[in-house]
Amino acid sequence: MSTDAPADDDAAVTQLNYGSKVLAVEPGGNEPIPVEARHGSPRGLFWTWTAPNLEFATIFVGVLAVAVFGLSFWQAVAAVVLGNGLAAVAHYLLSADGPLHGVPQMVLGRLAFGYRGNILPATFMAVMCGVGWFATNSASGAFALSSLFGFTPLVGLIIIVIVQTAFAFFGHNLVQRFERIAAPILAVIFLIAAVIIFSKSHLDAPPSSGGGFSMAGFWLTVGAAFGYTAGWTPYAADYTRYLPPTVSRVHTGLYASLGLFVSCTVLMLVGAASVTIGPATSDNPTAAFTANLPTLVADLTLLAIAVGAVAANAINVYSGSMAFVTMGFKLPMNTQRALVTVLFGIVGFLVAWWALADAAASYEAFLLLVAYWIGPWLGVVFADRLLRKKRPSLDLLYDTRYVNWGGLAAFVIALVGSVLLFCNQEKFVGYAVRAVPELGDIGAFVGFAIAFVGYVVLARKSVEESQRTYV
């Protein structure tokens, strides 16, 4: 049996030395966390998943719902709650698995895709989440610092990238600690801003499209909200794998999903309400949002947007580098994750610099692109959970000879089919959407369904065989 996992003794020594230290570089990469090195409680996950969403990218989903997709505020509420609710359920289930197995989410993905087949979804995550989300959030933080201090967005981008890459370089414990400290502070600032925004908004204003209910706009908003919030699901077990295996699975999933759902939903609705106040007063999206606030609150909100971008990207670049390591690249064990973090910081900076010219349009397209692969990935992963009756062996997760081509086939078929039929982008509109524009963009949900059914049909025998072989 060939594996890429380090020897048990080596893994135990490096992780025990790390323990609960905060100002220490997390050693290793994607190896299992020994039981003796586990620490923490599920309660902290609420703040872990609240802080990264208290930022402008979350707000802008609500802005898009009303300003671009043509919904009224109350229509946006229904669409946002539906999209976020579906994503939170997925996050609940995946987060609850972390303490049981003690490995990153993308390592668990090998169950459904096989060792080699898992490289494709790991690549999607590394590129689209570790780099794409990193660039998107960095841009919003850069605009916030530019509005606050008067320097160019590029200068703000450099500051944001250096700070957030440093957090991710140190790794799990520092990232978790920063999120827990930042979340309550950010929550207070955004709550004050929210009260002011809602006091000035016109929640009963008609849709900006000028008509009644827009089915297309509704499903575009559901897809965008789901794409944003479910974008965190491939990270879920990364932040629960250090918890002791004896913690409650219910509490683990509940605290993680509640932090995600509450923060995303509240800020998206604040963004939707802000559009009803009046036309934007600036091409800088963060300045346009804070123009509705008193000067002191506006300045604090801009600062919170910048800190929120760091909170989000500390997680993005950390988990993106974890996915990269899971692809099987061989680097020195004690530094592999940290080195990849620096690489992602550099690449993410370059992408964000390119996107500064038209950040709003880039973000709108990116939200739906994320959802296109997340839906099929979740379909395959949850179908595997349904078929697998026994707790998987760690040997299976690290055996380079383990294959499950049915999982990869179901993923690719669902991804290609859902995009060709139901994609709704400026540069390409799916064939089904061309015939029925009211469909909006339901590619992620169709992709989930196709992948789920496809996996059950194509991979059932592989799952049964793996459970007999690996005990």
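The values are calculated or read from the model by the stated rules, or taken from the named source; none is laboratory data. In this text the structure is predicted, and so the values were computed from the model without any measurement. We place every Cβ from the backbone using ideal geometry, glycine too, and count neighbours over all the protein chains shown. Keep in mind that these areas ignore ligands, DNA and RNA; they rest on the heavy atoms of the full protein, side chains included. Shrake-Rupley method; radii C 1.70, N 1.55, O 1.52, S 1.80 Å.
Details
- For region 232-314, with all protein chains in place and a probe radius of 1.4 Å, 70% of the accessible heavy-atom surface sits on carbon or sulfur.
- Carbon plus sulfur fraction of accessible area for region 390-447, probe 1.4 Å, in percent: 67 percent
- Accessible area expressed per residue, region 73-158, with surrounding protein chains retained (probe 1.4 Å, Å²): 25 Å²
- Neighbourhood net charge (12 Å Cβ-Cβ; Lys/Arg +1, Asp/Glu -1) for residue 97: +3
- Spacing of the two label points (7 Å from each Cα toward its C-beta) at residue 281 and residue 127, in nm: 4.2 nm
- Estimated inter-spin distance, residue 163 and residue 74, nm [label 7 Å along Cα→Cβ]: 4.0 nm
- Note on surface exposure: 470, 242, 92 rank 92, 470, 242 by accessible area, highest first, 1.4 Å probe.
- Probe 1.4 Å - accessible area at residue 465, Å² to nearest ten: 100 Å²
- Here region 75-119 has 77 percent of its accessible surface on carbon and sulfur atoms, given a 1.4 Å probe and all protein chains in place.
- Point-to-point label distance, residue 413-residue 435, nm (Cα→Cβ direction, 7 Å offset): 2.0 nm
- A 1.4 Å probe over all protein chains sorts 180, 43 by accessible area into 43, 180, starting with the largest.
- Computing FRET efficiency as 1/(1 + (r/R0)^6) for residue 154 and residue 461, where r is the C-beta to C-beta distance and R0 is 56 Å, gives about 0.55.
- These residues, 148, 386, 45, go from largest to smallest accessible area, 1.4 Å probe, as 386, 148, 45.
- Residue-level accessible surface for residue 390, protein heavy atoms, 1.4 Å, Å²: 120 Å²
- Heavy atoms of residue 123: accessible area, 1.4 Å probe, square angstrom to 10: 50 Å²
- Accessible area per residue in Å² at 1.4 Å probe, computed on region 239-334: 34 Å²
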